[in-house]
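The values are calculated or read from the model by the stated rules, or taken from the named source; none is laboratory data. From a predicted model like this one, the values you see are computed outputs, not experimental measurements. Neighbour counts run over all protein chains shown; Cβ positions are idealised from the backbone, glycine included.
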Amino acid sequence: MTASQSVSQGTTPGQTGKLGKPRLAFRPLPVPQVDVRGFWGDRVDAVATRTADILYERCVEARMLEQIDPDRPSPGVVIPFHSPSPDEAATAGNEFTGSTVTTQMFWDSDWGKTIETAAYSLYRRRNDALEKKIDAVIDMYGKLQQPDGYLSSWYQRIQPGLRWTNLRDCHELYCAGHLIEGAVAYYQATGKRKLLDIMCRYVDHIAETFGPEPGKKKGYCGHEEVELALVKLARVTGQQKYMDLARYFIDQRGQQPHYFDEEARARGADPRAYHFKTYEYSQSHKPVRDQDKVVGHAVRAMYLYSGMADIATEYGDDTLRVALDRLWDDLTTKNLYVTGGIGPSSHNEGFTADYDLPNDTAYAETCASVGLVFWASRMLGMGPNARYADMMERALYNGSISGLSLDGSLFFYENPLESRGEHNRWKWHRCPCCPPNIARMVASIGSYFYSLSDDALAVHLYGNSTARFDIAGTQIELTQASNYPWDGAVSITIEPEAPTEFTLHLRLPAWCRKAALKVNGEAVDLGSVTNDGYAAIRREWRKGDQVELDLEMAVDRFYANPEVRQDIGRVALARGPLIYCVEETDNAGQLHRIALPRTAQIEACEEPNLLGGVVTLSAVARKEVFEGWDDGLYRPEPPAVEEAKITAVPYFAWDNRDPGEMLVWLRDS
């Protein structure tokens, strides 16, 4: 029996395979088992009704379809929105590391994420035309696949004969990973197995090519991603060998002799002639268990740590958990924007030095914040712990969804915390990794709300939603009713088919100063049931049981560590999980002249007709006056100061109206 046959006979859409569960493993509920409404429902609807179609159409416009269709002539090197010079085209060989050509190398990745977005969008909203288009793309990949299972449009159509010769630069396994995730999603959401069968055959080929056994390549991808994708594939198929392959890629990374050095020599290249100079760029400078600092390309780092967390969960590997906690501490105490954005530099799309967090030049790639959501959610696989869930929430509500316009049509690649008015959303990008990445995350948001173990359900995120799951053979439905994130009141109804004992874990966010919990009207002493930021309620649950959680949502002023030189003397505003900013459209005059007194009263105000319905923050601030400075640049007297009412909006919603200045960190006075 082939791996693909085992899928068709062993699972049904929306279910996972039968891998053995290690101790304390919590696994996310598949997307089809969670319905979201309210805040996240609006965003899923925007993706389902608009973004999913846009992704497909813009991939076609960029000529990506030509590359994967074996019935058409090979398009050769195609640079979207850019024509290569003759010299550039001539040097677009296996050693070329310029971003224009490597963009085309990972078009399979863009298709994988687009398919994943479409899959969950089809589950949300029927779209026969889009489904037909995606089915046609899958048919092309089926025709393209070689008899031994290999599948890479770049190496089959653009650079034939060079497969597996440059894992460091050329994204083969990275592309495979995103196609795997697209296949799993399409199967779960539609029940169609064709792409899943294709990718199982490809992964079988990869497993025959890579591994510790004699005669196999000892390599791994320069851009991590396949590791977490293999875990998804193992879970949905029940194939342990896919999990073992993921573990191999994690364990092999950074081992000596260094594979990327040997690989370069094998193709006749000097290993020192590496564009990024250091293997820190791809987190392959040390074995993963020896790493203690977040370095290099931020998206790659997040994908690696996500895969490590999955393997730590599946194998109960405490050595990986220790390394992950070191890396987590380094990120969250020295290298993280208040929005949950990461990676300050455009040079390496990643990390620089501790506490280097510039605001106006912040790179903070959308994909990186999405990757942080992935990592945090996977750390929760080892058990409910609010230090991870709080960060997942911070990145979700701020640094990631800022990358998608409210109507689902425009995007940010970079997410700065300050703008002079020239940073605006765009329709597409030469390197279009972020649009499908944020879209697939939003479309699958239900899988981040809950995770399930043998006898427990953890609620990580709050908001209108319904989850369906099975504990001890009993079907259970849990429904949340809440106006979160605008209000902290959460009502939960539990409906088991029969009385069932299990533990319900409820997150108590760190931003909440005061919380109250009731079960069927009776108050629960939170101090006696809370561990690692979660209240654990174990009881026999019956139809109609009610849980009421009230989370106080106060306005907070955030101050940065004094080592962050860019934020000295500044303050940021937050309410609940949301970080706020001021925009020029609400606050006339240059924003850098505004100072917020520490004595100022900050009021929260519901604005149902603004930006799709938000809560704004307002206060009376001070503003230095420009008048009287027409005749000089400097003078011995300070400028006059006047009162000015300011209005702040959630950071995720900025640049959805008139373009203009934006500021997260206000001057503190």
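Residues in the stretch 189-221 that are outside any helix (DSSP H, G or I) and either modelled with pLDDT under 95 or of a type outside the set (Lys, Arg) (or both): Gly191, Phe210, Gly211, Pro212, Glu213, Pro214, Gly215, Gly219, Tyr220, Cys221. The set of residues in the stretch 165-183 being of a type outside the set (Ser, Thr, Tyr) and farther than 14 Å from Ser109 by Cα consists of Asn166, Leu167, Arg168, Asp169. Only residues that are surrounded by 20 or more Cβ atoms within 10 Å (Cβ to Cβ) and touching an Asp or Glu at 6+ places or on another chain (Cβ under 9 Å) were counted in the stretch 449-461, giving 3.
For every residue, the table says whether it meets (1) crowded, with 24+ Cβ neighbours inside 10 Å; (2) more than 20 Å from the chain's Cα centre (by Cα).
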residue	(1), (2)
Trp428	no, no
Cys433	no, no
Gly446	yes, no
Asn464	no, yes
Ala467	no, yes
Gly473	no, yes
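Scanning the stretch 392-420 for residues that are touching a Lys or Arg at 6+ places or on another chain (Cβ under 9 Å), among the acidic types (Asp, Glu) and more than 21 Å from Leu331 (Cα to Cα) returns a single hit, Asp407. The residues of the stretch 421-453 that are at pLDDT 95 or above, part of a loop (DSSP other than H, G, I, E, B) and of a type outside the set (Gly, Ala, Ser) amount to a single one, Ile445.
Scanning the stretch 620-657 for residues that are acidic (Asp, Glu) and surrounded by fewer than 15 Cβ atoms within 10 Å (Cβ to Cβ) yields Glu627, Asp630, Asp631, Glu637, Glu642, Glu643.
For every residue, the table says whether it meets (1) at pLDDT below 95; (2) under 18 Å from the mean Cα position of the chain (by Cα).
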position	(1), (2)
Tyr355	no, no
Met392	no, yes
Tyr413	yes, yes
Ser419	no, no
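Residues that are aliphatic (A, V, I, L, M) and either at positive phi or crowded, with 22+ Cβ neighbours inside 10 Å (or both) within the stretch 141-166 comprise just one, Leu151. In the set (1) within 32 Å of the chain's Cα centre (by Cα); (2) surrounded by fewer than 19 Cβ atoms within 10 Å (Cβ to Cβ); (3) touching a residue at least 24 places away in the same chain (Cβ under 8 Å); (4) not in a loop (DSSP other than H, G, I, E, B), Ala481 fails one condition alone, (3). Each residue in the stretch 574-617 was checked for being assigned to a strand (DSSP E or B) and closer than 20 Å to Ser419 by Cα, and 12 pass.
Can you tell me which residues in the stretch 337-352 are surrounded by fewer than 21 Cβ atoms within 10 Å (Cβ to Cβ) and part of a loop (DSSP other than H, G, I, E, B)? Let's see the steps before the verdict.
From the stretch 337-352, those surrounded by fewer than 21 Cβ atoms within 10 Å (Cβ to Cβ) are 345-348, 352; that's our starting set.
Ser346, His347, Asn348, Thr352 - these are the residues of the stretch 337-352 that are surrounded by fewer than 21 Cβ atoms within 10 Å (Cβ to Cβ) and part of a loop (DSSP other than H, G, I, E, B).
Taking the condition among the small types (Gly, Ala, Ser), at pLDDT 95 or above and in a loop (DSSP other than H, G, I, E, B), does Gly76 pass? No, not satisfied. Here Gly408 does not qualify as of a type in the set (Gly, Ala, Ser), within 30 Å of Gly533 (Cα to Cα) and touching a Ser or Thr at 6+ places or on another chain (Cβ under 8 Å). Of the strands (runs of 3 or more DSSP E) lying entirely inside the stretch 491-544, those carrying at least 3 residues that are within 26 Å of the chain's Cα centre (by Cα) and closer than 17 Å to Tyr450 by Cβ are 500-507. Of all residues in the stretch 106-127, those that are in contact (Cβ under 8 Å) with a residue 60 or more places away in the chain and of a type in the set (D, E, K, R) have Cβ atoms under 7 Å from Cβ atoms of residues that are outside any helix (DSSP H, G or I) and crowded, with 23+ Cβ neighbours inside 10 Å, 6 or more apart or on another chain, in Asp108/Ser152; Asp110/Pro432. The residue list Gly399, Gly403, Gly383 contains one member that is crowded, with 23+ Cβ neighbours inside 10 Å and in contact (Cβ under 8 Å) with a residue 60 or more places away in the chain, which is Gly399. Is it true that some residue in the stretch 575-582 is under 18 Å from Asn398 (Cα atoms), basic (Lys, Arg) and free of Cβ contacts under 8 Å to residues at least 60 places away in the same chain? The answer is yes, given that some residue of the stretch 575-582 is under 18 Å from Asn398 (Cα atoms), basic (Lys, Arg) and free of Cβ contacts under 8 Å to residues at least 60 places away in the same chain.
The residue that is nearest to Tyr274 (Cα to Cα), among those in the stretch 97-156 that are of a type in the set (Val, Ile, Thr), assigned to a helix (DSSP H, G or I) and modelled with pLDDT under 95, is Thr102. Scanning the stretch 559-566 turns up no residue that is over 32 Å from the mean Cα position of the chain (by Cα) and free of Cβ contacts under 8 Å to residues at least 12 places away in the same chain. Of all residues in the stretch 23-51, those that are charged (D, E, K, R) have Cβ atoms under 6 Å from Cβ atoms of residues that are in a helix (DSSP H, G or I) and surrounded by 23 or more Cβ atoms within 10 Å (Cβ to Cβ), 6 or more apart or on another chain, in Arg43/Val442. The listed residues are Asp550, Asp556, and the only one of them that is closer than 17 Å to Tyr651 by Cα and not in a loop (DSSP other than H, G, I, E, B) turns out to be Asp556. Considering the stretch 273-310, the residues that are of a type in the set (D, E, K, R) and modelled with pLDDT of 95 or more include one that is surrounded by the fewest Cβ atoms within 10 Å (Cβ to Cβ), namely Asp290. Being within 27 Å of Gly41 (Cα to Cα), of a type in the set (A, V, I, L, M, F, W, C) and in contact with a strand residue (DSSP E or B) (Cβ under 6 Å, 6 or more places away or on another chain) holds for only one residue in Val524, Val529, Val519, and it is Val519.
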